[in-house]
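A.B. asks: Structure provided below as C-alpha cells; questions to follow.
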Amino acid sequence: MSTPASLLHDSDFRFLDFAYRLSEADWARPSLCSEWTNHEVLAHLVVGYRTAPGALAGALVRDRGSFDRANARLARVLAARRQPAELIDDFSALSQAPRGVARIFPRRLLLGDHVIHQLDIAYGLGMDSTIGGEALLAVLDTQVRVPNPFVPAAARARGLTLRATDIGWVHDDKGPPVTGTAADFASVLAGRPHALGRLRGDGVAMLRSRL
C-alpha cells in the first residue's frame, strides 16, 4: 500500500498536469474556498512549501494569533506578486524539495490539504475531479478518524453511515446513510456545500446542518 508521502507526491504531480492546462481566466475565477480565487488557492499551496516556520510565526504575530487570517494574507500577498504560471513552476520545484513548513507538517494532513484545495479549483470551474482513488481513500480515512483543529471533518461525519460508491469506502457510524463519490465526500466533509446536491440518502440533511 502506498505511503502518505508517495500519495502526496503522486497527487501533486497530477495537480501540475491539471494546472498547466488552465487559462488566465480560469485562475481569476472564484474557488470553492471562501473569498479566494483559484489564483490565490494556488498561491496558498506554494506558501506551504516555501514559507519557513519563523516567517509563519511572524505572520501569526501580525495577525494577532489567527492562523486563518495569517494564512489568507500570505496567500494573497504571494498571488499579488506572482502570476499563475510562475506559481505553477514554483509548486513544481518546491514539491520535489520543500523548504517551508510543509517539511514538518504530517504528510497525511498535507495530502488532505492539497487534495481539498485541488477540488476547490476544479469544482469551482465546473470540472470533475482528477484525483486518484487511493489518494481520496487516504484523505477520507484521515477526515473521519483524525481530529483536525482547522477542518472538523470528523465531527461532521459522526453518527452517519457514509458510502463512497466509486472506491468502495465505507464509514459506518450506525446512523442515517449517505452515498456519493469519494471526491464529493472529501469536499463536503471539508466544509464545502457545493457537492451536497450530488449526495443521496437520509443522512444528507444532517450533514448539511453541520456545514
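The values are calculated or read from the model by the stated rules, or taken from the named source; none is laboratory data. The structure presented is a predicted model; accordingly, all values stated were derived computationally and were not measured. Note that each Cβ is placed from the backbone with ideal geometry, even for glycine, and that neighbours are counted across all protein chains shown.
A.B. asks: Please pick out the residue among 25, 5 that is more than 16 Å from residue 129 (Cα to Cα), free of Cβ contacts under 8 Å to residues at least 12 places away in the same chain, assigned to a helix (DSSP H, G or I) and not acidic (Asp, Glu).
C.D. replies: Going through 25, 5 in turn, the sole match is 25.
A.B. asks: Pairs needed: first member in region 62-87, assigned by TED's automatic domain parsing to the domain that holds residue 51; second member anywhere, modelled with pLDDT of 90 or more and outside any helix (DSSP H, G or I); C-beta distance under 9 Å; at least 6 residues apart or different chains.
C.D. replies: Filtered contacts from region 62-87: 72/36; 75/36; 76/36; 79/36; 79/37; 84/22; 85/20.
A.B. asks: Then there's this: Let me confirm something: among 184, 128, 113, which residue is out of contact with any Phe, Trp or Tyr (no Cβ under 7 Å at 6 or more places or on another chain) and surrounded by fewer than 17 Cβ atoms within 10 Å (Cβ to Cβ)?
C.D. replies: Just one listed residue meets the conditions, 128.
A.B. asks: Looking at 131, 104 in this structure, which one is of a type in the set (A, V, I, L, M, F, W, C) and either touching a strand residue (DSSP E or B) at 6+ places or on another chain (Cβ under 9 Å) or closer than 27 Å to residue 22 by Cα (or both)?
C.D. replies: Of 131, 104, the one residue that is of a type in the set (A, V, I, L, M, F, W, C) and either touching a strand residue (DSSP E or B) at 6+ places or on another chain (Cβ under 9 Å) or closer than 27 Å to residue 22 by Cα (or both) is 131.
A.B. asks: Let me ask you something else. Quick one: how many residues across region 95-107 are in contact (Cβ under 8 Å) with a residue 24 or more places away in the chain, in a helix (DSSP H, G or I) and either out of contact with any helix residue (DSSP H, G or I) (no Cβ under 6 Å at 6 or more places or on another chain) or surrounded by fewer than 20 Cβ atoms within 10 Å (Cβ to Cβ) (or both)?
C.D. replies: Here the count works out to 2.
A.B. asks: Moving to a separate point now. Given the conditions (1) under 16 Å from residue 82 (Cα atoms); (2) at pLDDT 95 or above; (3) buried (at least 17 other Cβ atoms within 10 Å of the Cβ), and given that residue 11 satisfies all but one, which numbered condition is not satisfied?
C.D. replies: The one condition residue 11 does not meet is (1).
A.B. asks: Against the definition (surrounded by fewer than 20 Cβ atoms within 10 Å (Cβ to Cβ) and either at positive phi or in contact (Cβ under 8 Å) with a residue 60 or more places away in the chain (or both)), how does residue 133 come out, yes or no?
C.D. replies: When the stated conditions are applied, residue 133 does not pass them.
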